């Protein structure tokens, strides 16, 4: 009898819910201290996860969860790029 495959779970920084990793979008801080969306989940660096919804993104942004998670200041322009990527990903 085969063991059921374990599904990796991650917590969304927006709504704080545990969800399967595949349902979430990874936000990554690269070794060069660049912060961006990692839609394939393969980039190098420290990762954090959010739901694919703009509400979760905006909630995490408002509560500075990304900044706390990556312990660095994040420019507005970086948030805007990520927000646009999320929007185009959802369409």
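Any read-out appearing in this document is the output of simple, stated calculations on the displayed coordinates, not a laboratory observation. Only a predicted model underlies this, so the values are computations on that prediction, with no experimental measurement involved. Glycine gets a Cβ as well: all are built from the backbone with ideal geometry, and neighbour counts include every protein chain shown.
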>> So if I take the centroid of the Cα atoms in the stretch 15-45 and the same for the stretch 69-87, what is the distance between those two points in Å?
In response: 12 Å
> In deg cm²/dmol, rounded to 500, what helix-only [θ] at 222 nm does the chain give when every DSSP H run of at least 4 residues adds -39500 (n - 2.57) and the total is split over its residues?
Replying inline: -9500 deg cm²/dmol
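So how much slack lies between residue 15 and residue 88, counting 0.36 nm per residue of separation and subtracting their Cα-Cα distance, in nm?
On the way: separation 73, 0.36 × 73 = 26.28 nm, distance 2.12 nm.
Residue separation times 0.36 nm, minus the Cα-Cα distance, leaves 24.2 nm.
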>> At R0 = 41 Å, how high is the FRET efficiency between residue 2 and residue 72 if r is their beta carbon distance? Nearest 0.05 is fine.
In response: 0.40
> Going by alpha carbons, how many degrees (0 to 90, nearest 10) lie between the helix axis of 76-90 and the longest principal axis of the chain?
Replying inline: 40 degrees
>> Test of understanding: what is the full-extension gain from residue 79 to residue 32, defined as 0.36 nm times their sequence separation minus their Cα-Cα distance?
In response: 15.2 nm
> Taking every pair of alpha-carbon atoms in the stretch 10-90, what share in percent sits in each 5 Å bin, from 0 to the bin with the longest distance?
Replying inline: 3, 16, 31, 30, 17, 3
